[in-house]
């Protein structure tokens, strides 16, 4: 059965990307450009593939961990939290910028959107580096005629500073 999207899908160099297995091994996240075709509104950003969060252990889980540690002869405090890793919302993601969020809520049919992966990235630090590189390389803040709606880089450099 062929994959039929109900929302815009990601593409990389002409290939449709629908799962993490379509990406290079060791990918932490990617740099992307989202384009709303009717107005040629563009946004460049970064997206991680997995969320990591600390989940508080309940009484039963804490007790089970305490017993497990006791059986192994381990002493000391039992951790109150456990790290939980889950896949992010990258498949349905459009961006975090207000205008993109508004447009995607109004029209997420897929036909009016293009979601392009510009680069796969192996680490968190490089993800920030490459996002910044693409934003500066494209003159996002300086070019008043740009269809890109990014209005800042790293929360330090703002489009309004060039007005």
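The values are calculated or read from the model by the stated rules, or taken from the named source; none is laboratory data. Predicted model, so just to flag it, every value in this text is computed and none were measured. Cβ: placed from backbone, ideal geometry, glycine included. Neighbour counts: every protein chain shown.
Of the residues 21, 62, the single one that is part of a helix (DSSP H, G or I) and at pLDDT 95 or above is 21. Taking the residues in the stretch 92-104 that are farther than 15 Å from residue 38 by Cα and assigned to a helix (DSSP H, G or I) as candidates, determine which candidate is farthest from the chain's Cα centre (by Cα). My answer is 98.
When the stretch 38-59 is filtered for residues that are surrounded by 13 or more Cβ atoms within 10 Å (Cβ to Cβ) and assigned to a loop (DSSP other than H, G, I, E, B), the ones remaining, listed by number, are 49, 57. Any residue at all in the stretch 45-53 that's closer than 26 Å to residue 10 by Cβ and free of Cβ contacts under 8 Å to residues at least 24 places away in the same chain? There is no residue in the stretch 45-53 that is closer than 26 Å to residue 10 by Cβ and free of Cβ contacts under 8 Å to residues at least 24 places away in the same chain.
Are any of the residues in the stretch 71-81 part of a helix (DSSP H, G or I), more than 30 Å from residue 16 (Cβ to Cβ) and either touching a helix residue (DSSP H, G or I) at 6+ places or on another chain (Cβ under 9 Å) or free of Cβ contacts under 8 Å to residues at least 24 places away in the same chain (or both)? Yes, because at least one residue in the stretch 71-81 is part of a helix (DSSP H, G or I), more than 30 Å from residue 16 (Cβ to Cβ) and either touching a helix residue (DSSP H, G or I) at 6+ places or on another chain (Cβ under 9 Å) or free of Cβ contacts under 8 Å to residues at least 24 places away in the same chain (or both). Checking 87, 52 one by one, the residue that is closer than 30 Å to residue 151 by Cβ and in contact with a helix residue (DSSP H, G or I) (Cβ under 9 Å, 6 or more places away or on another chain) is 87 and no other.
Could you tell me which of the residues 136, 94 is out of contact with any helix residue (DSSP H, G or I) (no Cβ under 9 Å at 6 or more places or on another chain) and either surrounded by fewer than 16 Cβ atoms within 10 Å (Cβ to Cβ) or within 25 Å of residue 14 (Cα to Cα) (or both)?
Unique residue meeting the criteria: 136.
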